[in-house]
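So the structure is just underneath, and the comments pick up after that.
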Amino acid sequence: MIWRSLLLSFLFVLPLYWVWIFEFILKIPIPLWLNSICALLSFWIFLFIPSRMKFWFGFFVGLLWFYWVGFSFVYFGFAYLVPLISLVVACIYMLIFALALYSSNLIYRLIFLLSLSFIHPFGFDWMNLDSFLAYSYFGVSKSDLFMILVALVSAYFAYNQASKFLFILSAFLILCALEFPSPKPNPPLPYKFSLLNTDFSQDLKWQKTYAAHNATLQLKMIHRSIQEHSKLIILPETAFPFVLEHSIYFQMLKDLSAQSTLVVGALREKDGKLYNSTYVFQNHKVHIFDKVVLAPFGEKIPLPDLLAKPLSKIFLGDGAPQFSPSLKFGYFTLGEKTFKSVICYEGTSARAYEDSPPYLIVISNNAWFPHSIQPALQKNLMKYYSKLHQTTILHASNGSPSFVISP
């Protein structure tokens, strides 16, 4: 039963792994027909897997989906905890799936599958089964998912009862769930833009010597983009891994903004609080947008202070800086286009898309999780929200490819 559970769990998460294999390893677009079939297979497995397999199935799904979560602990001197963290995360999702698959009743499972995207352990919301439809021919709304699930159930009974009506109903619902091009797609930007991509190792990125060296390299990249007539230049999260306002680069970037609008990730300090921020340099002026949605355990410990403070001291050291959240997201305008600006984890959060922004700028530092599926999961979620809200996403990253996602 263990090996069968492992096989079914791997087939279940295939829509995510195809994104990783095609988009990040082969570097070619993922075939939509392939992921469409695999998404249907994933939902079929969830609906019909025997309840007796629920614990092992949930464990392996959690492990295959989130084995990388503890990789960041390597950079805090706790590499030996990585396997333990992976196992703990897998066990958490084992319990969630044990509840989801407790009953074989199809109505129970259908309702639970529709509800799983609202279950966020410790505020971590990357277990979103709706996102299996991101790279597919299907729509990604709850109504689309509901029609697909009812179609699969109808197909099951059509096969077992030799019912032509149920077969027709199943085919009809699948057709209704297909996504058709938007009648009013977001128009392309009327000017050239550059998404700068870097590959600075996380263990060196924050050292003073390397930070200065990397800053010089990025200034050269900015100059090159300006020479290529880019009107909007976007750098990754913490491209300048220090308080930018207190550095010599602040004025340099202000001066360069006379020629192009610069979107730059860096740190900010105000009233004794530290922020992970986006600096927008535009015509010698600066707008600063602080991160609103902090990453659980990466930037905040989502536990009561009684537990959070001692854990922070253990893993980050006594007196380690703690990031503070902002209360609202930032927007800026270039030409006639308005951009919403978010940072890394925010780009995969439903909160960033509540107002369905037509254009979203996301800056990330994925060097925390090298050689893992994490950037593919991030891209899959951003594609999901892009389709759901008709948002065009411009993503600049360190440690993984930069890209544009259109609805």
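The values are calculated or read from the model by the stated rules, or taken from the named source; none is laboratory data. Because the structure is predicted, anything quoted here is derived from the model rather than measured. A quick note on method: Cβ atoms are made from the backbone with ideal geometry, for glycine too, and the neighbour counts reach across all protein chains shown. These area figures cover heavy atoms from the full protein model, side chains too; ligands, DNA and RNA do not enter into them. Shrake-Rupley method; radii C 1.70, N 1.55, O 1.52, S 1.80 Å.
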Any aspartates and glutamates whose Cα falls less than 12 Å from that of Lys192, other than same-chain ones fewer than 8 residues away, would be Glu228
Once both labels are modelled 7 Å past Cα along the beta-carbon direction, what's the Arg351-Tyr191 spacing in nm? 3.1 nm
All aspartates and glutamates inside 14 Å of Lys300 as judged from Cα atoms, apart from same-chain residues fewer than 8 positions distant: Glu346
Taking the DSSP beta bridges in segment 222-310 as the whole, what percent of them are antiparallel, to the nearest 5? 70 percent
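Counting only protein heavy atoms, what percent of the accessible surface of segment 98-190 is carbon or sulfur at a 1.4 Å probe? Don't skip to the answer; put the middle values down first.
Numbers: 3650 of 4990 Å².
Roughly 73 percent of what the probe reaches on segment 98-190 is carbon or sulfur.
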At 222 nm, what value in deg cm²/dmol follows for the chain if DSSP H runs of at least 4 each add -39500 (n - 2.57) and the sum is divided by all its residues, to the nearest 500? -13000 deg cm²/dmol
Report, as a whole number in µm² per second, the diffusion coefficient that Stokes-Einstein gives for segment 83-158 at 37 °C and 0.692 mPa s using the Kirkwood radius over alpha carbon pairs. 236 µm²/s
Spin-label point model (7 Å from Cα, Cβ direction): what's the Tyr75 to Leu327 distance in nm? 3.1 nm
I'd like the orientation of helix 106-115 relative to the chain: the angle between its Cα long axis and the longest Cα principal axis, in ° from 0 to 90, rounded to 10. 10 degrees
What is the angle, in °, between the Cα long axis of helix 208-227 and the longest principal axis of the Cα atoms in the chain? Nearest 10 is fine, range 0 to 90. 90 degrees
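Structure shown: which of Lys270/Lys328; Lys27/Lys340; Lys142/Lys328; Lys231/Lys291; Lys273/Lys328; Lys27/Lys379 lie over 19 Å apart, alpha-carbon to alpha-carbon? Walk me through the intermediate numbers first.
Details: Lys270/Lys328 16 Å; Lys27/Lys340 28 Å; Lys142/Lys328 27 Å; Lys231/Lys291 24 Å; Lys273/Lys328 16 Å; Lys27/Lys379 13 Å.
Listed pairs above 19 Å: Lys27/Lys340; Lys142/Lys328; Lys231/Lys291.
Assuming a viscosity of 0.692 mPa s and a temperature of 37 °C, what translational diffusion coefficient in µm² per second does Stokes-Einstein assign to segment 125-222, Rh being the Kirkwood radius over Cα pairs?
On the way: Rh = 18.4 Å.
The estimated diffusion coefficient comes to 179 µm²/s.
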Suppose we keep just the DSSP beta bridges with both residues in the chain; what percent of those would be antiparallel, to 5? 50 percent
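Which of the three applies to segment 1-158, rounded, prolate or oblate, going by the alpha-carbon gyration tensor with a ≥ b ≥ c and a/c under 1.5 meaning rounded? Write out the running numbers ahead of the final one.
On the way: a/c = 1.88, a/b = 1.30, b/c = 1.45.
Because a/c hits 1.5 or more and a/b fails to exceed b/c, segment 1-158 counts as oblate.
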Name the aspartates and glutamates eligible as straight-distance cross-link partners of Lys337: C-alpha to C-alpha under 16 Å, and not fewer than 8 places from it in the same chain. Asp355
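Provide the per residue accessible area, probe 1.4 Å, for the chain, rounded to a whole number of square angstrom. Before the final figure, lay out each step's value.
Details: 18850 Å² over 407 residues.
The answer is 46 Å² per residue.
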How big is the antiparallel share of DSSP beta bridges in segment 323-367, given as a percent to the nearest 5? 55 percent
For Leu87, Leu178, Leu149, write out the residues from largest to smallest accessible area, computed with a 1.4 angstrom probe and no ligands counted. Leu87, Leu178, Leu149
At 0.692 mPa s and 37 °C, Stokes D of the chain from Kirkwood alpha-carbon radius, µm² per second: 145 µm²/s
Using alpha carbons only, how many degrees (0 to 90, rounded to 10) separate the axis of helix 374-389 from the longest principal axis of the chain? 80 degrees
About the Cα centre of the chain, how large is the charge dipole given +1 on each Lys and Arg Cβ and -1 on each Asp and Glu Cβ? Please answer in debye to the nearest 20. 260 debye
For a quick size check, give me the Cα extents of segment 1-91 along its three principal axes, largest first, whole Å. 43, 39, 16
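Below 8 Å, C-alpha to C-alpha, sequence gap of six or more: please give me the relative contact order for the chain in percent.
On the way: 708 pairs, mean separation 61.8, N = 407.
Computed value for the chain: 15 percent relative contact order.
Taking 0.36 nm per residue of sequence separation and subtracting the Cα-Cα distance, how much length would be gained by fully extending the chain between Lys208 and Leu87, in nm to one decimal?
Details: separation 121, 0.36 × 121 = 43.56 nm, distance 3.48 nm.
Using 0.36 nm per residue and subtracting the Cα-Cα distance, I get 40.1 nm.
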